[in-house]
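Bear in mind that the values in this text are calculations on the coordinates, not laboratory data. Model, not experiment: these values are computed from the prediction.
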Amino acid sequence: MAQEYIEVSQKHELGMIALSKSVFKTIAQIAVEEAEGLTLDDPFNPFKNSIGCKIQNDQLILTVNVKVNYDVNVKAACAKLQSTIHDNIAHMSDYTPDIIDIRVIGFVF
């Protein structure tokens with residue numbers, strides 16, 4: 001069964017704190033929008049997912065499809081984006097993602 005959230009803290013007498021997959025997608029989307037030389041595949045198409053998020057065995061797996069500007073170093077830009085997404089999720093949610101997969105699916109000329 002697909003899990004839709006990650007439990008962030010242990011259960012207390014008042015309840016538990018859990019974050020939905022959409023939280024992690026939004027954090028990743030903001031990181032891509034702020035990155036120089038990178039854009040999401042198709043952010044305005046509601047039927048095409050530019051950012052995928054899976055939770056399997058309490059592991060967070062993010063897949064981000066981006067297009068790179070033709071004059072940008074692909075390896076450096078993707079490594080910086082991967083690091084930024086990891087740091088942003090860690091700072092905003094006190095949870096560190098396990099896998100962040102940046103997929104270059106095209107170039108912008």
As straight-line cross-link partners of LYS80, the qualifying lysines (C-alpha separation under 29 Å, not fewer than 8 residues apart within one chain) are LYS21, LYS25, LYS48, LYS54, LYS67
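So what is the diffusion coefficient of the chain in µm² per second by Stokes-Einstein at 20 °C and 1.002 mPa s, using a Kirkwood Rh over Cα pairs? Spell out each step's value before the answer.
On the way: Rh = 14.7 Å.
Translational diffusion coefficient: 146 µm²/s.
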For LYS75, counting only aspartates and glutamates whose alpha-carbon sits under 17 Å away and dropping same-chain residues fewer than eight positions off, the answer is GLU36, ASP101
